[in-house]
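One structure below.
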Amino acid sequence: MPTIKLPQVDGSLKSYVLKALPIAPTKPAVSFNRTVYAAAHVVVNPLATTDPWDMSPIVDWEATLAFREYLWSLGFKIAEAMDTAQRGMGVDWPVARELIQRSLRHARTVPGADLACGVGTDQLEAAPGVTLAQVEAAYREQLEVVEAEGGRVILMASRALAHCARGPDDYLKVYQRLLTAASQPVILHWLGAMFDPALAGYWGGRDLNAALDLVAGLIRAHARRVEGIKVSLLDAKWELELRRRLPPGVKMYTGDDFNYAELMAGDASGFSHGLLGIFDPIAPVAAVALGELAQGNTARFRELLDPTVALSREIFRAPTRHYKAGVVFLAWLNGHQRHFSMAGGAQSARGAAHYARVFELADACGALADPELACERLRSYLSVACGLDT
């Protein structure tokens, strides 16, 4: 088996022998019995993006759309233009708008392709003086872009709304109007402050019990207009509590990148569907596991998916907002793009010891598609970034 020296957080090097047993990507023999969205990253063109900190990224559309075809081929739906695609953290609204339009148009050429698109307010700065009317107008502008292409909506949390709302009633006012305006049922998206500090106190306060009451009431009052809700708080108890309170027909989509295996497996009280960024880098493993679950093999589902949780916890560790770096790093190691560059230069958000650990954990759970290629690319990264000859 290949051996490589991996940098550690204390500055030392550890000799690591690869397991090198990738779980091959296959389309499941049966359809998933969970509704599962993979939130997908974007591939930038590093040659054309001359000043990544100060300009919109130039997207490599061929590689970006090819990755979506790959996810569709494994049986996933795609959550497009979400935070995994660096919305508001390297990717601005003009680029996101083009991503939405291109992806929806491309999906119409791919049999079985399905996706829903993020609608937010990232064209509106969360600045003093911003009003609820401006927030609603920004949401509506993006909603119209998605619906003009025949797409379905994931209603994302808004930094501008978090900035200007004076309390829970302001959130209800905006969301009620948006739900009424949407032509199809939407997926609500509750993103915790660990993913975006600007969303602290979302729903009108820092009391999560009160926020859960508000959200549950909003969904009950508009159940016909809500397909489901994604909760990303990295604490299973809040998701379980809300899941128990959802009206019939409204789906709980786990966004818990720490506890997704147990939440999707479920128990006697129910289960969660999935809308997760971690399904981008672990797509082959997750597809095989979900195929087993669909055939009633829950134990095998857990046997395959549980080892990926350690990888996910490393990728999504605090500061959690930098998780996209690990996602794109694995896309590069697995041959889905030719470089390790990101919108906004976000690859610099994590250090070499983190990337080495991601490599190790990906190998351990079978998420390195081609271990030899992954070793070669990790060695090149460590040589350039750290001056290491491993």
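The values are calculated or read from the model by the stated rules, or taken from the named source; none is laboratory data. A quick note: this is a predicted structure, and the numbers were derived from the prediction, not measured. Every residue, glycine among them, receives a Cβ derived from its backbone with ideal geometry; neighbour counts consider all protein chains shown. When the accessible area is computed, the model is the full protein with side chains, heavy atoms only, and any ligands, DNA or RNA have been set aside. Shrake-Rupley method; radii C 1.70, N 1.55, O 1.52, S 1.80 Å.
Of note:
- Segment 147-237, dipole about Cα centre (Lys/Arg Cβ +1, Asp/Glu Cβ -1), debye to the nearest 20: 140
- Three-way shape call for segment 246-300 based on the alpha-carbon gyration tensor, with the a/c threshold at 1.5: oblate
- Rounded to 10°, Cα long-axis angle of helix 208-221 versus longest principal axis of the chain: 60
- Residue-normalised accessible area of the chain, given per residue in Å² at a 1.4 Å probe: 40
- Largest GNM mean-square fluctuation among Thr308, Thr64, Thr131, using the chain with Cα springs under 10 Å: Thr131.
- Cα gyration tensor shape for segment 1-123, rounded if a/c is under 1.5, else prolate or oblate: oblate
- From phi via Karplus (6.51, -1.76, 1.60), per-residue ³J(HN,Hα) for segment 365-377 in Hz, x at Gly/Pro: 9, x, 8, 8, 5, 9, x, 5, 5, 4, 4, 4, 6
- Against the main long axis of the alpha-carbon atoms of the chain, helix 93-107 sits at an angle near 80°.
- Backbone N within segment 182-219 under 19 Å of label point (7 Å from Glu141 Cα along the Cβ vector): 182
- Counting only DSSP beta bridges whose two residues both lie in segment 1-144, roughly 45 percent are antiparallel.
- Each Cα pair under 8 Å and six or more residues apart adds its separation to the average, and for segment 1-79 the resulting relative contact order is 28 percent.
- For the chain, calculated [θ]222 nm from helices alone, where every DSSP H run of n ≥ 4 adds -39500 (n - 2.57): -13500 deg cm²/dmol
- Among Gly192, Gly201, Gly112, residue whose mean-square fluctuation peaks in a GNM of the chain (springs only between Cα atoms under 10 Å): Gly112
- Under 13 Å, Cβ to Cβ, from Ala137 - net charge with Lys/Arg +1 and Asp/Glu -1: -1
- Taking other residues whose beta carbon is less than 9 angstrom from the beta carbon of Ala349, and scoring Lys, Arg as +1 and Asp, Glu as -1, yields +3.
- For Leu115, residues with placed amide H under 5 Å, excluding near neighbours: Ile78
- Under 5 Å between amide hydrogens, built in the peptide plane, is the criterion, and for Val91 it picks out nothing among residues at least 5 positions away or on other chains.
- Overall form of the chain per C-alpha gyration tensor (a/c, 1.5; a/b vs b/c): prolate
- Contour minus Cα-Cα distance for Ala268 and Glu62 (0.36 nm per residue): 69.7 nm
- Accessible area (Å², 1.4 Å probe, nearest 10) - Tyr381: 40
- Relative contact order for the chain: 21 percent, from Cα pairs under 8 Å spaced at least 6 residues apart, divided by residue count.
- Of the solvent-accessible surface of the chain, computed with a 1.4 Å probe over protein heavy atoms with every protein chain present, carbon and sulfur atoms account for 50 percent.
- Listed residues Asp363, Asp213, Asp83, most fluctuating in the chain (Gaussian network, C-alpha, under 10 Å): Asp213
- Residue pairs exceeding 27 angstrom between C-alpha atoms, taken from Lys5/Lys77; Lys237/Lys324; Lys14/Lys77: Lys5/Lys77; Lys14/Lys77.
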